Amino acid sequence: MNKPPLQLGVMASGSGSNFEAIAQAIADQRLHAKVQVVIYNNPGAKVRERAERWGIPAVLLNHREFASREALDEAIVKMMRQYGVDYVIMAGWMRIVTTVLIDAFPDRVLNIHPSLLPSFRGAHAVEEALQAGVKITGCTVHLVRLEVDSGPILIQAAVPVLPDDTPETLQARIQVQEHQIYPQAIALVGDRDFGF
């Protein structure tokens with residue numbers, strides 16, 4: 001039986017490098033999926049240009065134009081459904097999501113975070129790892145729950161912290177691993193849902 005490709009909707013706030021890694025994994029046939037739409041919340045986000053290069057629709061839902069997080073998430077859910085999305089992939093989405101989105105796609109909202117969760121949750125994980133003096137950090141793909149960076153872990157990759165690391169150099173090395181494990185994690189949830 002040939003299983004259909006996973007229908008992905010990507011949410012991104014910035015440059016979109018994780019989106020690009022996923023799109024490349026699909027193009028290289030390492031991930032049996034299709035990105036249906038990219039939703040971004042910052043008008044200047046570079047992810048829009050990346051999506052256009054890949055021929056994927058990019059939709060701006062500027063969070064500043066919504067009265068609440070729930071209202072934004074309602075618009076996101078509506079757009080995802082319009083594009084036939086099965087899995088929501090948060091790829092550098094810098095907004096806290098609500099039950100509106102999580103309940104619409106139960107156990108099908110994924111996020112990537114630049115630490116070995118449960119260590120260093122939140123927006124400053126790389127800086128906090130350096131401040132704490134850890135020797136190893138990394139990245140985690142997890143299912144999204146209401147509590148930030150708290151859902152079940154799907155896959156992790158470790159990254160050594162070097163003595164002369166800055167937040168920028170460490171972030172760059174973590175990102176290399178993010179680009180490897182995110183497509184793998186998406187494939188894992190797809191296989192799980194198809195009973196493989």
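Points worth noting:
- Within the stretch 124-195, all pairs of alpha-carbon atoms sorted by distance into 5 Å bins from zero give the percentages 3, 16, 23, 20, 18, 11, 5, 3, 1, 0.
- Using the Cβ-Cβ distance between THR99 and GLN184 with R0 set to 41 Å, the FRET efficiency from 1/(1 + (r/R0)^6) comes to roughly 0.90.
- Volume per residue of the convex hull around the Cα atoms, evaluated for the stretch 110-163, comes out as 61 Å³.
- Simple Cβ-charge dipole of the stretch 1-149, Lys/Arg +1 and Asp/Glu -1, about Cα centre, in debye nearest 20: 300
- Over the chain, accessible surface divided per residue gives 48 Å², non-protein components excluded, 1.4 Å probe.
- Cross-link reach list, lysines versus LYS46, counting only Cα pairs under 22 Å and skipping chain neighbours closer than eight places: LYS34
- Directionally averaged projected area (the chain, Cα convex hull): 11.1 nm².
- The slack in the chain from VAL148 to GLN7, taken as 0.36 nm per residue of separation less the alpha-carbon distance, amounts to 48.3 nm.
- Over the stretch 71-124, volume per residue of the alpha carbon convex hull, in Å³: 86
- Three-way shape call for the stretch 1-95 based on the alpha-carbon gyration tensor, with the a/c threshold at 1.5: oblate
- Once the Cβ-Cβ distance of ARG53 and GLU168 is raised to the sixth power relative to R0 = 22 Å, the FRET efficiency obtained is 0.30.
- Candidate cross-link partners of LYS135 among the aspartates and glutamates, defined by an alpha-carbon separation under 15 Å and a same-chain spacing of 8 or more, comprise GLU127, ASP164, ASP165.
- Angle between the chain longest axis and helix 69-82 axis [Cα atoms, degrees, rounded to 10]: 50
- Simple spin-label estimate for GLU65 and LYS135 gives 5.1 nm between the two label positions (7 Å along the Cα-to-Cβ direction from each Cα).
- Expressed as a whole percent, the accessible surface of the chain that belongs to carbon and sulfur atoms is 53, based on a 1.4 Å probe.
The values are calculated or read from the model by the stated rules, or taken from the named source; none is laboratory data. Please read these numbers as outputs of a predicted model, since none were measured by experiment. We place every Cβ from the backbone using ideal geometry, glycine too, and count neighbours over all the protein chains shown. All accessible areas refer to the heavy atoms of the entire protein, side chains included, with ligands and DNA or RNA removed. Shrake-Rupley method; radii C 1.70, N 1.55, O 1.52, S 1.80 Å.
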